[in-house]
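I have placed the structure first, in the form of structure tokens, so that the comments after it can refer back to it.
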Amino acid sequence: MRKIIRFAAAVFISACLFSNTAEALSLKILYPQQMPIAPTRDFYVLGEIDRAGAPVSFDIRIDIYDAANTIVRSTESVGIDGNGITSVAAVSMDYPNKGYWFDYQANSRDLLAKNPPPDLIFKPDDPDSFYDQGNKVAVTEKTFSAVIFGGCTTSFDVNPDTLSGDIAAGEYRIVVSAVSGDADIASADAKLTVGVVADKMLTRFSPADHQAKYTAFANKNNYRIYLDYFPGYWPLAKDSDGKYIYYEIVGRWRANDSIEYKGGNVHTILYNVDNNRCATQKVEIGYLAAIGNINSPRIHYYHYDIGEPSVTYAGKTIEGKIVEFAQGDALALTRAEVVEKGIAVEENKYYPASHDKQVFLDIAANGVYIVPGKTLSVFGVTKPIQSDVTKGRVLSNDIDTYNVQNFTSKLHYDLTLNDEIVLSRDVDIALVRHYDGEKWDEYAAVYEFKHDFVIPDEYAGKDLTMTLYAVDKNGVKVSGTGETFKIMAYDKPDGGSGGGCNAGWFALLIFAALPGAAAVMKKRG
């Protein structure tokens, strides 16, 4: 599923100034709110119009001034009709580079006519003006909007000759004016800061419990979550459930999204990241791989200490904490779950609503006790690895997404008894979470796993050791992924289960002959 990345609320910019005019017309700037924005990034200027006492029809002009009070960008509305709004004739209704899914939206053309993104505006009598920065303003009865090209997308549907260089780091001023004839009849202005955000978040924005966790984490640490609308990701309307319908120009918003991660510290939470349709992977992590920054010290990787925002079992809920990977580690074992004999499990399939289980925490430190015959599921997460850019291992395409060709692909397990390997197995890293009523949960998380094992009765009463490590797509062992833990194939000496104890244990069970498993038993001589 495309990443739903813009939940910005309509909060007013405190720096806005309003003119007192005879007509009482006033303008209010709402966006951009989050500053600084990255150098060369495009951005929207959005605001409200109070037309009380104003002429029926007027134009809106947006000027960007640098610190020397020089205009570096200017754009003005075109095609305003007799009601003072942008006419349908000035909107590129059949723009070819939109997201293809828009055409499947009911009443899409009506919605576009009522609230067009400024990206689509051109002079009705001059088709080539579509590529002109000077025309990119849309006006409705109560709002104005403009797209300002900073320089990062000059090769995409923009005539660079209409721009006066890139918008570099620095302080700027946004001035919005209502123009009637040769006169400015109202104006508003706001500060604009362009620069590198020191600390920013990178993670999926769903599901809701994850969103609540990472939002609190970001707020506590003063890390930026990008909420302002990126150009090319336009909130067109709300559906019957109150959710936004977006008009996407993927070649624009993805480039602008990526450029924010070019500098500064990037705090990346690895949770439910799919390799095929998730912008976290296809756009942002893919971009970091493309510029060779996956292992950069400015990229910080985190996971949930228990593998989930929360885990419920036996009538209680454990809350997960967002923690950074230990220094030098590229794999973290997060928890284990044990279910009774006869309860069906599926490898790499996790059902958060299933609570009939024991849960073991801090498993690498303390091992796990388990009665033979029960099923044990091992949960964990791995970090991204840097693909070889020079050998074409990170592929970009014409819609600004990236195919990262290499990542941790499988885990190799060896189970030993008295220092002798009794079982070896290789298992895919591909966790699928099944959330009730959600369609997107059928896609596998590329960095997470759930591996299921049953300990055979022949090892009852034995102490065993499990050793594991990850390999990449080429079968090469990945540094920092080695782990070892104990398995005690009997109940706890005190008769308790230990499930969910704060000092809980890791659970990695002996591999059963599960469907599709590549298990090789090694006979003891």
Note to self: If I compute Rg and Dmax of the Cα atoms in Å from the structure I just sent, which labelled value in (i) 27.7, 99; (ii) 22.6, 68; (iii) 24.2, 73 lines up?
What the structure shows: (i)
Notebook entry, point to check: What lysines sit close enough to Lys238 to cross-link, taking a C-alpha to C-alpha distance under 25 Å and skipping anything fewer than 8 places away on the same chain?
Noted result: Lys3, Lys28, Lys98, Lys114, Lys136, Lys142, Lys439
Checklist line | Dipole axis of the chain (+1 Lys, Arg; -1 Asp, Glu on Cβ), positive-most option in Gln358, Thr140, Gly373 | finding: Gly373
Check: Projected onto the charge dipole of segment 26-194 (+1 at Lys/Arg Cβ, -1 at Asp/Glu Cβ, origin at the Cα centre), which of Gln34, Asn69, Gln105 gives the Cα projection farthest towards the positive end?
Finding: Gln34
Item checked: Distance from segment 188-221 to segment 293-322 (C-alpha centre basis), Å -> 18 Å
Next item on the list: For Leu192, list long-range residues whose amide hydrogen, built 1.01 Å from N in the peptide plane, is under 5 Å from its own amide hydrogen.
Entry: Tyr172, Arg173, Ile174
Check: How much mean residue ellipticity at 222 nm does the chain get from its helices, if each DSSP H run of length 4 or more adds -39500 (n - 2.57) and you divide by all residues, to the nearest 500 deg cm²/dmol?
Finding: -2000 deg cm²/dmol
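If neighbour count is taken as other Cβ atoms inside 10 Å, put Ser145, Ser240, Ser92 in order from fewest to most. If you can, show how the numbers build up before the last one.
Values: Ser145 27, Ser240 5, Ser92 18.
Least to most surrounded, the residues fall as Ser240, Ser92, Ser145.
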Margin query: I'd like the antiparallel share, as a percent to the nearest 5, of DSSP beta bridges with both residues in the chain.
Written below: 90 percent
Notebook entry, point to check: Quick one: Cα centre-to-centre distance for segment 42-95 and segment 109-167, in angstrom?
Noted result: 10 Å
Margin query: How high is the relative contact order of the chain? Use alpha-carbon pairs under 8 Å, at least six apart in sequence, and give a whole percent.
Written below: 13 percent
Next item on the list: Sticking with the crude label model, points 7 Å out along Cα→Cβ, report the distance from Glu420 to Tyr131 in nm, one decimal please.
Entry: 7.5 nm
Note to self: So if a site counts as exposed when it's one of the trypsin sites (Lys or Arg not before Pro), its DSSP state isn't H, G, I, E or B, and it has at most 10 other Cβ atoms within 10 Å, what's the longest stretch of the chain without one?
What the structure shows: 1-242
Next item on the list: Out of all DSSP beta bridges with both ends in segment 199-300, state the antiparallel percent to the nearest 5.
Entry: 40 percent
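Every number in this text was worked out from the coordinates using simple rules, so none of it is lab data. All figures in this text were calculated on a predicted structure; none of them were measured in a lab. With ideal geometry, Cβ positions are generated from the backbone for all residues, glycine too; neighbour counts draw on all protein chains shown.
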